[in-house]
């Protein structure tokens, strides 16, 4: 099938000659069944109906329509990529695209695709050029050609195709209901619902206003995320909204599967009476049933003051690490020393409150009457769930969240003791023992999240004293003035949630202690790296090094650093995000996938946004994944951030890096199905003449990544900054494995091409093997072709190689460059012949018509002989201007040109000759004797160029130019040839 492409406006017009074939092949769209081609009219429009109200203009304006119309049995006009962004919107759900290509009373088809070229819906009116046979559609998609004004679905939106009246009597209903608009009819729609496993999904079908008639409609369930129908009850039924009412409820039971998977299904309404459906599709989201509480936790400090309330937090945890809180309503009693102080506390997930204790002592915390019950025992943040309340203690000033390695504001610490607040309560008063006193206070830094004693130092004072990790401590000399002292130059070098502790030994058997509030310290920044074998993959241009194979593993590492560039080993991420920008090539539309963690991928974009990701777990401040890969050719830029670190949801930014340059992993010969073939003949005798553009050489090379996927960004581009294709493909050839192929590729230049989206196929699958300009050569009875590839980046053509055109016999793979195979042989072979068109001289009485025998000859290595295999070449020697008569220079010469007997002057050669039905030259009549040349080709020059020859032989060497039409001497009367030429017949049959 020949294709001619041209641009018309924003659409691509393709004229197809010959038999039709399937042009569309794509996956089903996620929007299949959520929109439909609803109407097509010869007055010039296509109507698409949105069946799901959740589809917005930002989505459907990126959809497109392809249309093919059949003009006659040999030609189809196809208009591609008609954008729905040009459609008008009617009644909120009808998208009407004006187009002039819907024919009247002829076959055509329409394909609706999403932004990824995946099939949403299809209509065939007696034609299937655009059918995507790999996508099973939800609705009727075909109808026959009719003398109709337009074609419509009935019922509207989802029904079968029919015509809307015959001839010009039909009327289109574009932008409205196909059953005929009634402005008095209300609109009808269905909602979305969310339920837990085991609950019934109750859909509400609502009307915009009530009706004086009963409104009926059909409905059925359909699958979305699971084909087993094991999680809801499959239903197909009808319903009625009685006159005067405005809604009906449809209840679908769901099953309790006991897993943690969220699923959904849809309820589709259609075929309504007395109402117009504006939203056909309702979705039920089925969430997992509430899981059991794994355990309860009490978060508290181990020390507190009698003059100050202590904050207590209770959490209901679904997981052992409490990273997920329960979604169930919790009711419990809070107990202190087995006495109830919080009666029937009710909360969801967690609750926080204050606990006041006015007298010194140690309290034990516990829970009772918990509903639901937990599967495991109560946990507390401090051992034995105890808090020791003291009269005297230290109070820290509030400490806000900080940045690792960045000194923060001085911290004040006050020594306090209980006092009278004047209202019968207690107050925290200055401790006079710490008035204008300089004392050593044991200070420590405690890890809260993560816990333990790991991490970098917490520094204080001008000499960067390092505090001990709790339960260790470091004595720090502090000067108290009016019970206040200052902890100067605090600086935590690590990350995490921490608190500070202070303790002073009174020497009388008791300690004065204090604990700061919890606060978060975030890393200063995140650092990315991409390495392969200790080499940074940081190329940032089309020719830069290093290069790395697409799909090949490399190490992607994210490291949290403090302001000094040290790794914050205690960093544990919140919500990690990556932004993957395709920086090269930017001229194409193909995106790649970055595998950034096990079974986790992120798609690139020219204008990328941050996307939530789950990286490989952090250890000692770093996340490292050795199996990272990028599927495409080109360059990418990767950025990282933690968008929700700690309880404050702080953002930890990163520095973006360039990763590349990605090149194909290998090249593969995909299509090698005997695609080297001749033009005429049968089997091994099938041949092509040299210079005849009928030699078939077809193949398909693909640039692939390591996973065997085509790298579509590997394409030739006029802009060198966009040109990522660096492989040169060449054909080699040899005749009958004789090693004579060094010069053959120069005679096959028509089969060159370029890389297009990772594929390389000959620009012309049918081309010519050129003749030599100096002499006849051949025949090449078994010309075999092979492919070679040279890539500037060293990427190899996938073996096995099985051809070496410069050496005869079988090639080897023994690493001897003289005999090693270096090409892949294409299937099939070609028989190439040096041909010429030959006409025999003839003579006879001037009273008889003379037959003129023509034949097609080829050079057999020593002589030209008739090509008995040629029963394909045609001739037409009877049409005026297809031949010439010439008596110039002949003696004797006929006074005038004879005529042509038209009865047998055209046809097809049989076994290389027209001897059975020769051309007849009219007899000039009695007494009209003489000679004349007959030349085939004439003013129309119809002799094929590949069969012309050096018939003039001006230098006597028969060495060209080979551009003469064949001619023969015709003699009427007694034959004696040309008086100036001896042995004419011998001359034209002898060859050099």
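So in segment 96-145, with the set limited to residues that are outside any strand (DSSP E or B) and without any contact (Cβ under 8 Å) to a residue 24 or more places away in the chain, which one is farthest from the chain's Cα centre (by Cα)?
Top of the filtered list is 144.
Report the residue count in segment 442-466 for those that are in a strand (DSSP E or B) and over 11 Å from residue 570 (Cα atoms).
First pass over segment 442-466, keeping only residues in a strand (DSSP E or B): 442-449, 458-460, 465-466.
From the residues that got through so far, the ones that are over 11 Å from residue 570 (Cα atoms) too are 442-446, 458-460, 465-466.
Qualifying residue count, segment 442-466: 10.
Any residue that is touching a strand residue (DSSP E or B) at 6+ places or on another chain (Cβ under 8 Å) and free of Cβ contacts under 8 Å to residues at least 24 places away in the same chain - is there at least one of those in segment 560-581?
No: segment 560-581 contains no residue that is touching a strand residue (DSSP E or B) at 6+ places or on another chain (Cβ under 8 Å) and free of Cβ contacts under 8 Å to residues at least 24 places away in the same chain.
Kindly evaluate residue 881 against the criterion of being over 30 Å from residue 678 (Cα atoms) and under 60 Å from the mean Cα position of the chain (by Cα). Write out each step before concluding.
On the way: over 30 Å from residue 678 (Cα atoms): yes; under 60 Å from the mean Cα position of the chain (by Cα): yes.
Criteria met by residue 881.
If you take just the strands (runs of 3 or more DSSP E) that sit entirely in segment 349-402, which of them hold at least 1 residues that are closer than 27 Å to residue 325 by Cα and at pLDDT below 95?
Values: elements: 350-355, 361-371, 386-390, 393-396.
The qualifying strands (runs of 3 or more DSSP E) are 350-355, 361-371.
Return yes or no: is residue 790 surrounded by fewer than 15 Cβ atoms within 10 Å (Cβ to Cβ), within 20 Å of residue 822 (Cβ to Cβ), in contact with a strand residue (DSSP E or B) (Cβ under 9 Å, 6 or more places away or on another chain) and touching a residue at least 40 places away in the same chain (Cβ under 8 Å)? Full working, then the answer.
Working: surrounded by fewer than 15 Cβ atoms within 10 Å (Cβ to Cβ): yes; within 20 Å of residue 822 (Cβ to Cβ): yes; in contact with a strand residue (DSSP E or B) (Cβ under 9 Å, 6 or more places away or on another chain): yes; touching a residue at least 40 places away in the same chain (Cβ under 8 Å): yes.
Here the answer is yes, as residue 790 does meet what is asked.
Going through segment 256-284 one residue at a time, which ones are at pLDDT 90 or above and either under 30 Å from residue 382 (Cα atoms) or surrounded by fewer than 16 Cβ atoms within 10 Å (Cβ to Cβ) (or both)?
Correct list: 273 only.
Criterion first (more than 19 Å from residue 156 (Cβ to Cβ), assigned to a strand (DSSP E or B) and out of contact with any helix residue (DSSP H, G or I) (no Cβ under 9 Å at 6 or more places or on another chain)) does residue 269 satisfy it?
no
Let's see how each residue does on (1) assigned to a helix (DSSP H, G or I); (2) within 24 Å of the chain's Cα centre (by Cα); (3) buried (at least 19 other Cβ atoms within 10 Å of the Cβ):
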{"residue": "712", "(1), (2), (3)": "no, yes, yes"}
{"residue": "721", "(1), (2), (3)": "yes, yes, no"}
{"residue": "746", "(1), (2), (3)": "yes, no, no"}
{"residue": "775", "(1), (2), (3)": "no, no, no"}
{"residue": "785", "(1), (2), (3)": "no, no, yes"}
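How about segment 409-427: which of its residues are modelled with pLDDT under 95 and surrounded by fewer than 18 Cβ atoms within 10 Å (Cβ to Cβ)?
Once the filter is applied, which keeps residues that are modelled with pLDDT under 95 and surrounded by fewer than 18 Cβ atoms within 10 Å (Cβ to Cβ), segment 409-427 yields 419, 420, 421, 422, 423, 424, 425, 427.
Restricting attention to segment 285-307, report how many residues are outside any strand (DSSP E or B) and modelled with pLDDT of 90 or more.
Filtering segment 285-307 down to residues outside any strand (DSSP E or B) leaves 288-292, 294, 300-302, 306-307.
With modelled with pLDDT of 90 or more added as a condition, the list becomes 294, 300-302, 306-307.
Residues flagged as outside any strand (DSSP E or B) and modelled with pLDDT of 90 or more within segment 285-307 amount to 6.
What residue, among those in segment 285-303 that are surrounded by fewer than 23 Cβ atoms within 10 Å (Cβ to Cβ) and within 30 Å of residue 35 (Cβ to Cβ), is farthest from the chain's Cα centre (by Cα)?
287
Look at residue 439 and say whether it is part of a strand (DSSP E or B), touching a residue at least 40 places away in the same chain (Cβ under 8 Å) and outside the structural domain of residue 299 (by TED's automatic domain parsing).
Numbers: part of a strand (DSSP E or B): yes; touching a residue at least 40 places away in the same chain (Cβ under 8 Å): yes; outside the structural domain of residue 299 (by TED's automatic domain parsing): yes.
Yes.
If I filter segment 850-867 down to residues being outside any strand (DSSP E or B) and surrounded by 16 or more Cβ atoms within 10 Å (Cβ to Cβ), which single residue comes out as farthest from the chain's Cα centre (by Cα)?
853
Taking residue 306, is it over 56 Å from the mean Cα position of the chain (by Cα) and in the same structural domain as residue 360 (by TED's automatic domain parsing)?
yes
Do we have residue 70 as at pLDDT 85 or above, crowded, with 18+ Cβ neighbours inside 10 Å and closer than 20 Å to residue 161 by Cα here? Break it down stepwise before answering.
Working: at pLDDT 85 or above: no; crowded, with 18+ Cβ neighbours inside 10 Å: yes; closer than 20 Å to residue 161 by Cα: yes.
It is false that residue 70 is at pLDDT 85 or above, crowded, with 18+ Cβ neighbours inside 10 Å and closer than 20 Å to residue 161 by Cα.
Checking residue 691 against (1) assigned to a strand (DSSP E or B); (2) in the same structural domain as residue 778 (by TED's automatic domain parsing); (3) crowded, with 17+ Cβ neighbours inside 10 Å, only one condition comes out false. Which one?
Answer for residue 691: the failing condition is (1).
Looking for whichever is in the same structural domain as residue 656 (by TED's automatic domain parsing), over 30 Å from residue 722 (Cβ atoms) and buried (at least 19 other Cβ atoms within 10 Å of the Cβ) here; the options are 599, 562. Which one fits?
562
If you scan segment 895-932, which residues turn out to be part of a loop (DSSP other than H, G, I, E, B), in contact (Cβ under 8 Å) with a residue 60 or more places away in the chain and in contact with a helix residue (DSSP H, G or I) (Cβ under 9 Å, 6 or more places away or on another chain)?
Residues satisfying the conditions are 914, 918.
Does segment 633-642 contain at least one residue that is out of contact with any strand residue (DSSP E or B) (no Cβ under 9 Å at 6 or more places or on another chain) and either buried (at least 20 other Cβ atoms within 10 Å of the Cβ) or within 20 Å of residue 711 (Cα to Cα) (or both)?
Filtering segment 633-642 down to residues out of contact with any strand residue (DSSP E or B) (no Cβ under 9 Å at 6 or more places or on another chain) leaves none.
No, the conditions are met nowhere in segment 633-642.
Of everything in segment 243-262, what is outside any strand (DSSP E or B) and either touching a helix residue (DSSP H, G or I) at 6+ places or on another chain (Cβ under 9 Å) or under 18 Å from residue 208 (Cβ atoms) (or both)? Give them in sequence order.
243, 244, 245, 246 - these are the residues of segment 243-262 that are outside any strand (DSSP E or B) and either touching a helix residue (DSSP H, G or I) at 6+ places or on another chain (Cβ under 9 Å) or under 18 Å from residue 208 (Cβ atoms) (or both).
Here is a check on your reading of the model: is residue 529 surrounded by fewer than 22 Cβ atoms within 10 Å (Cβ to Cβ), in contact (Cβ under 8 Å) with a residue 60 or more places away in the chain and within 23 Å of residue 665 (Cα to Cα)? Can you show your working first?
Working: surrounded by fewer than 22 Cβ atoms within 10 Å (Cβ to Cβ): yes; in contact (Cβ under 8 Å) with a residue 60 or more places away in the chain: yes; within 23 Å of residue 665 (Cα to Cα): yes.
Yes; evaluated as a whole, the condition is true for this residue.
Looking only at segment 311-359, filter to residues that are without any contact (Cβ under 8 Å) to a residue 12 or more places away in the chain and more than 52 Å from the chain's Cα centre (by Cα); which one of those is surrounded by the most Cβ atoms within 10 Å (Cβ to Cβ)?
Filtering segment 311-359 for residues that are without any contact (Cβ under 8 Å) to a residue 12 or more places away in the chain and more than 52 Å from the chain's Cα centre (by Cα), the one surrounded by the most Cβ atoms within 10 Å (Cβ to Cβ) comes out as 342.
The values are calculated or read from the model by the stated rules, or taken from the named source; none is laboratory data. Nothing here was measured: the structure is a model prediction, and the numbers come from that model. Neighbour counts are summed over all protein chains in view; Cβ atoms, including those assigned to glycine, are modelled from backbone coordinates with ideal geometry.
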